[in-house]
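Written out below as structure tokens is the structure these notes cover.
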């Protein structure tokens, strides 16, 4: 099973629902990935409005 992305929070997930926001609105059509390690200090995390360390897609269709 390939990774999918939550359309709500852009987290890259496996399974049928996002474990963080609980959404089942997932897409397998996405591109670009960023890994946030320290969300509190990351400028990219601030621009993406991310508050948790995880893998995120940059573009979700």
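When Rg and the Kirkwood radius Rh are both evaluated on Cα atoms of the range 4-60, their ratio Rg/Rh stands at 0.95. When you restrict to C-alpha pairs under 8 Å that are six or more residues apart and normalise by the size of the chain, the relative contact order lands at 35 percent. Each stretch of four or more DSSP H residues adds -39500 (n - 2.57); spread over every residue of the chain, this sum gives -2000 deg cm²/dmol at 222 nm. Rounded to the nearest 0.05, what FRET efficiency is calculated for residue 38 and residue 59 with R0 set to 22 Å and r the Cβ-Cβ distance? Rounded to the nearest 0.05, the efficiency is 0.45.
The packing ranking, built from the mean of other Cβ atoms within 10 Å per residue, places the peptides 15-22, 37-44 in the order 15-22, 37-44, highest first.
Computed from the coordinates by the stated procedures, all read-outs in this text should not be read as laboratory data. Because the structure is a prediction, the values reported are computed rather than measured. We place every Cβ from the backbone using ideal geometry, glycine too, and count neighbours over all the protein chains shown.
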